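All remarks here apply to the structure that follows.
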Amino acid sequence: MNVILKYRGREVTAADAAFIRELIAAHPMLSRRRLSQELCRAWDWVQPNGQPRDMVCRGLMLTLHRSGHIRLPPRQQRPPNPFVQRSRPRAVEIDCRPIHTSLASLGPLRLEQVRRTPAEALFNSLVEQHHYLGYTQPVGEHLKYLVFAEEQLLACLAWSSAPRHLGPRDRFIGWSSEARRRNIHLLATNLRFLVLPWVKVPHLASHILGRMARQLSADWERIYEHPLYFLETFVDPDRFRGTCYRAANWIVLGRTTGRGKDDQTHRPNRSLKEVLGYPLQRHFRHLLSQP
């Protein structure tokens with residue numbers, strides 16, 4: 001098998017490139033977007049929820065075009081990039097009166113999934129204003145939560161698709177590269193966790209993580225049509241100890257290399273993060289290693 005490149009976990013052979021060239025020749029009037037849709041159909045290249053991997057396919061075709069393996073038709077239009085031109089979330093005013101009480105006094109908590117709801121703007125605004133990393137738009141599968149005690153807003157959490165390669169996690173799971181490629185969608189990363197700065201409730205953060213672990217997979221399956229078997233997060237050891245995660249029985253897996261997902265230099269270019277994980281199923285290793 002003559003592999004000419006690997007893209008987002010997929011090996012592309014010379015025969016694949018020849019097939020794409022034939023596809024382009026057979027549809028000379030189609031745009032690049034329509035060609036990627038046709039290729040997704042031809043390869044049955046779909047997400048776990050059954051939707052075509054159109055954006056990934058377009059990126060693959062552009063990579064092949066730039067490397068000279070195929071020749072795409074000229075661009076017909078240049079739509080604005082929403083991630084580059086996205087405006088920052090607007091500040092939203094809410095009740096900021098201090099909440100100093102015990103966890104028991106709060107009563108039952110409500111974890112409300114707010115992605116694609118009117119409350120999503122409130123989530124974005126609070127994270128932008130009060131999280132030290134600010135707000136960034138998650139890419140791929142993701143969910144956003146607001147945590148309430150009755151009508152009192154306490155915290156925000158964001159979960160997103162897991163990175164494709166993460167050494168400490170991959171060694172802990174023990175899966176093969178092929179199993180990782182096929183099953184990476186069964187993991188989620190805790191992208192943001194914010195207890196609002198005026199909320200001072202001992203043990204609240206670890207309690208929320210415990211509740212989240214019991215709820216997240218069902219919510220994910222309802223929206224994306226597949227469950228989750230493993231959660232992970234990153235903690236900056238220069239700022240935090242990850243106490244709430246440890247108290248919620250998350251496992252310290254190791255540290256990142258500080259090189260990022262697109263590194264080409266093999267040298268650290270960012271701070272090292274501690275990696276913590278939380279299995280959602282007892283037999284998670286078996287489930288994640290299935291072909």
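Can you tell me which residue within the range 237-259, out of those that are in contact with a Lys or Arg (Cβ under 6 Å, 6 or more places away or on another chain) and at pLDDT below 95, is nearest to Val114 (Cα to Cα)? Before the answer, list the steps.
Keep residues of the range 237-259 that are in contact with a Lys or Arg (Cβ under 6 Å, 6 or more places away or on another chain), which gives 253, 256, 258.
Still in the list and also at pLDDT below 95: 256, 258.
Details: Thr256: 30, Gly258: 32 Å.
Filtering first and then ranking leaves Thr256.
Working only within the range 31-41, note down all residues that are farther than 30 Å from Trp220 by Cα and either assigned to a helix (DSSP H, G or I) or modelled with pLDDT under 90 (or both).
In the first step, residues of the range 31-41 are kept if they are farther than 30 Å from Trp220 by Cα; the result is 31-32, 35.
Correct list: Arg32, Leu35.
Reported count of residues in the range 132-151, each being under 28 Å from Thr101 (Cβ atoms) and either surrounded by fewer than 17 Cβ atoms within 10 Å (Cβ to Cβ) or among the small types (Gly, Ala, Ser) (or both), is 6. If you go through the range 201-228 and keep only what is touching a Ser or Thr at 6+ places or on another chain (Cβ under 8 Å) and either over 16 Å from Ala158 (Cα atoms) or touching a residue at least 60 places away in the same chain (Cβ under 8 Å) (or both), you end up with Val201, Pro202, Pro227.
Of the residues that sit in the range 164-191 and are among the charged types (D, E, K, R) and in contact with a Pro (Cβ under 8 Å, 6 or more places away or on another chain), which one is nearest to Asn124 (Cα to Cα)?
Filtering the range 164-191 down to residues among the charged types (D, E, K, R) leaves 164, 169-171, 178, 180-182.
When the remaining residues are screened for being in contact with a Pro (Cβ under 8 Å, 6 or more places away or on another chain), the result is 178, 182.
Values: Glu178: 36, Arg182: 31 Å.
The qualifying residue nearest to Asn124 (Cα to Cα) is Arg182.
Cβ-Cβ contacts under 7 Å between residues 6 or more apart (or on different chains), taken from a first residue in the range 1-16 that is without any contact (Cβ under 8 Å) to a residue 40 or more places away in the chain and surrounded by 14 or more Cβ atoms within 10 Å (Cβ to Cβ) to a second residue that is among the basic types (Lys, Arg) and not in a loop (DSSP other than H, G, I, E, B), are absent. Number of residues in the range 205-215 that are buried (at least 19 other Cβ atoms within 10 Å of the Cβ) and over 14 Å from Leu146 (Cβ atoms): the value is 2. Residues in the range 113-130 that are open to solvent by less than 40 Å² (accessible area, probe 1.4 Å) and touching a Pro at 6+ places or on another chain (Cβ under 7 Å) were compared, and the one that is nearest to Asn190 (Cα to Cα) is Asn124. Condition test on Gln77, is it open to solvent by 50 Å² or more (accessible area, probe 1.4 Å) and either modelled with pLDDT of 95 or more or within 26 Å of Tyr245 (Cα to Cα) (or both)? So Gln77 fails the test.
Just need a number here: residues in the range 97-112 that are hydrophobic (A, V, I, L, M, F, W, C), touching a residue at least 40 places away in the same chain (Cβ under 8 Å) and either under 21 Å from Ala158 (Cα atoms) or open to solvent by 70 Å² or more (accessible area, probe 1.4 Å) (or both).
Keep residues of the range 97-112 that are hydrophobic (A, V, I, L, M, F, W, C), which gives 99, 103-104, 106, 109, 111.
Of the ones still in play, those that are also touching a residue at least 40 places away in the same chain (Cβ under 8 Å) are 99, 103, 106, 109, 111.
Within this subset, residues satisfying the condition of being either under 21 Å from Ala158 (Cα atoms) or open to solvent by 70 Å² or more (accessible area, probe 1.4 Å) (or both) are 109, 111.
Selection size over the range 97-112: 2.
Looking at Arg32, Arg116, Arg53, which is the one that is in contact (Cβ under 8 Å) with a residue 24 or more places away in the chain and of a type in the set (Lys, Arg)? Step through it out loud before you land on a result.
Working: Arg116 fails: in contact (Cβ under 8 Å) with a residue 24 or more places away in the chain; Arg53 fails: in contact (Cβ under 8 Å) with a residue 24 or more places away in the chain.
Every option except Arg32 fails the conditions.
Here the range 156-199 is the region considered, the condition is being over 20 Å from Val114 (Cα atoms) and of a type in the set (Ser, Thr, Tyr), and the residue that is least open to solvent (accessible area, probe 1.4 Å) is Ser176. Considering every residue within the range 42-50, establish whether at least one is more than 30 Å from Pro227 (Cα to Cα) and assigned to a strand (DSSP E or B). No: zero hits.
Once the range 3-29 is narrowed to residues that are outside any helix (DSSP H, G or I), at pLDDT 85 or above and touching a Leu at 6+ places or on another chain (Cβ under 9 Å), the residue that is farthest from Pro73 (Cα to Cα) is Glu11. Evaluating Pro48 against the criteria (1) closer than 24 Å to Ile184 by Cβ; (2) without any contact (Cβ under 8 Å) to a residue 40 or more places away in the chain leaves one unmet condition, (2).
Going through (1) under 17 Å from Ala14 (Cα atoms); (2) without any contact (Cβ under 8 Å) to a residue 12 or more places away in the chain; (3) open to solvent by 70 Å² or more (accessible area, probe 1.4 Å) one by one, Arg71 falls short only on (2).
The values are calculated or read from the model by the stated rules, or taken from the named source; none is laboratory data. Please read all numbers here as calculations on a predicted model, not as lab measurements. Neighbour counts run over all protein chains shown; Cβ positions are idealised from the backbone, glycine included. Ligands, DNA and RNA are stripped out before the accessible areas are found, and what is left, the full protein with its side chains, is counted by its heavy atoms. Shrake-Rupley method; radii C 1.70, N 1.55, O 1.52, S 1.80 Å.
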